[in-house]
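Computed from the coordinates by the stated procedures, all read-outs in this text should not be read as laboratory data. Model, not experiment: these values are computed from the prediction. Ideal geometry is used to build each Cβ from the backbone, glycine not excepted, and the neighbour counts take in all protein chains shown.
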Amino acid sequence: MKNKIFIISHSTGIKGPIDYYEQYLLKKNIVYKLEHPLDLYKNKKTYFFVSGKVTQTFFRYNLNIFNLGIDFLISCFFLMKSKANIVIGANNFDTLVAIMCKKLFFKQNIKKIVYFGSDFSQKRYNNKFLDYIYLKVEVIVLKGADLIVSNTKRAEQERFNLGLLKNKSLFISNGVHLEHPIFYKKEIDKNKYIYIGSVTKEHGLYEFIQCMAPLIKELTIIGKGDSLNDINILCKNKNIRLNKYVNYKHEEVLSFLKKFSGFGLAPYNMKSEWTRYCSPLKVNEYIACGLPVIMSNIPEISQLIDKKKLGVVYSDLNYNAMKQQIIDFDTCKFYIKSRQFYQLFEQDKLFKKIIL
């Protein structure tokens, strides 16, 4: 008998770990998903999916903090109507909905609650009151959920510090899925670079370009964000050829990366606290598609990148030191390392560890 699974999430519109997990679950289960906007609500919608297809939508308005209360009520309404026996929350707030419905509203058909914790931050909002509430919700969820999935060891440890029991914890790093996992030799051009994802200050791309401009002949960006215009001006001033793409689907991005011959960029900045706990999907995708990565040492996966010689890891932006690291980096048999990496981080293999 198939499980009936209800997923609650908040999304920027860019596919993330919970979306890939949904695709995995759809193969053998009946899956409902309620997806709210993340942070910016103006001109956005809440979507309700059944078996991967949108069946209902709701226009949203910018009501600031009150949006969270509305999200909570909408989530409770849809969950109470459903006959789901497993509920998965993509963050602590979404998981709290399932706990409240089961404990307070006696939704007894819910047999398992999973907190699919794809991110973590001690200072999520940079507001003492909101951060206090966030951590209080985290503690409640760690106690009330049946399984807590963390995608970095650092996030898992912080949750242990907040009271998470080890027998309820599961560490699964973000993976990658290729429709055609074929690995072939590439001639890597050390003057060509590509960046995938949100183009914001926290992601550190502007500072990287500013420092390394003499080495960059061509830069490709697939994504958007509030720093994109500044980067466009910077590239013009530095005589860097800039290729910009915004509306690529995920499958198209992977296809593009397979054909690209250069370095992938993940230059997370040193200041934003949340970057210490992130598990960047782009890093896995770069490597699986045959691209060495250049990244700061802030995300946890940088330790593996450095140890396995999968790219260049830096602790500070120093042009001469980084230029020499890039020049010295051996790309000859990188496709072999790429295949070995994919065997470890193949998405479905990691998701199988989550027993529902």
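Check each of the chymotrypsin sites (Phe, Trp or Tyr not before Pro) in region 85-124 and keep only those in coil by DSSP with at most 14 other C-beta atoms within 10 angstrom; list them in order.
Qualifying residues, ordered by number: Phe105, Phe106.
Within 10 Å of each residue's Cβ, count the other Cβ atoms and sort Met100, Met295, Met1, Met212 from fewest upward.
Met1, Met100, Met212, Met295
Which net charge results when you count Lys and Arg as +1 and Asp and Glu as -1 among the other residues whose beta-carbon is under 14 Å from that of Leu63?
Here the count lands on +1.
DSSP loop trypsin sites (Lys or Arg not before Pro) in region 138-201 with at most 14 other Cβ atoms within 10 Å of their Cβ, which ones?
For trypsin sites (Lys or Arg not before Pro) across region 138-201 that sit outside H, G, I, E and B with at most 14 neighbouring Cβ atoms in 10 Å, the list reads Lys185.
Using R₀ = 41 Å, calculate the FRET efficiency as 1/(1 + (r/R₀)^6) where r is the Cβ-Cβ separation of Tyr125 and Ile355; round to 0.05.
That pair, Tyr125 with Ile355, gives E of 0.80.
Which values, in whole Å and largest first, are the semi-axes of the equivalent ellipsoid of region 4-172 obtained as the square root of 5 times each eigenvalue of the Cα gyration tensor?
Semi-axes (√(5λ), whole Å): 22, 20, 16.
Given points 7 Å out from each Cα along the Cα-Cβ axis, report the Lys27 to Ile327 separation in nanometres with one decimal.
My value for the distance between the label points is 4.7 nm.
Suppose R0 equals 45 Å; then what is the FRET efficiency for Met1 and Tyr184 from their Cβ-Cβ distance, rounded to the nearest 0.05?
Calculated transfer efficiency: 0.55.
With the crude spin-label approximation of a point 7 Å out along Cα→Cβ, what separation in nm comes out for Tyr132 versus Lys53?
4.9
If each residue of separation counts as 0.36 nm, what is the full-extension length gain between Leu73 and Lys15 once their alpha-carbon separation is subtracted?
18.4 nm
Considering only DSSP beta bridges where both residues belong to region 4-172, give the percentage that are antiparallel (nearest 5).
30
Please identify every one of the trypsin sites (Lys or Arg not before Pro) in region 1-101 that sits in a loop by DSSP and has no more than 14 other beta carbons within 10 Å of its own beta carbon.
Passing sites in region 1-101 are Lys2, Lys27, Lys28, Lys42, Lys83.
Cut-off is 10 Å between beta-carbons; in what order do Ser338, Ser121 appear when sorted fewest neighbours first?
Ser121, Ser338
Roughly how many nanometres apart are two label points built 7 Å out from the Cα toward the Cβ at Leu165 and Lys271?
4.3
For Lys236 and Leu63 in the same chain, what is the full-extension length gain: residue separation times 0.36 nm, less their Cα-Cα distance, in nm?
Difference between extended and current length: 58.4 nm.
For Lys349, give me every one of the lysines with a C-alpha distance below 17 angstrom, ignoring sequence neighbours fewer than eight places off in its own chain.
Lys27, Lys28
By counting other Cβ atoms within 10 Å of each Cβ, how are Ser227, Ser255 ranked from fewest to most?
Ser255, Ser227
Out of all DSSP beta bridges in the chain, what portion is antiparallel? Express it as a percent rounded to 5.
Just about 20 percent of them are antiparallel.
Suppose the chain between Asp348 and Asp39 were pulled fully straight at 0.36 nm per residue; how much longer would it get relative to their current alpha carbon spacing?
108.3 nm
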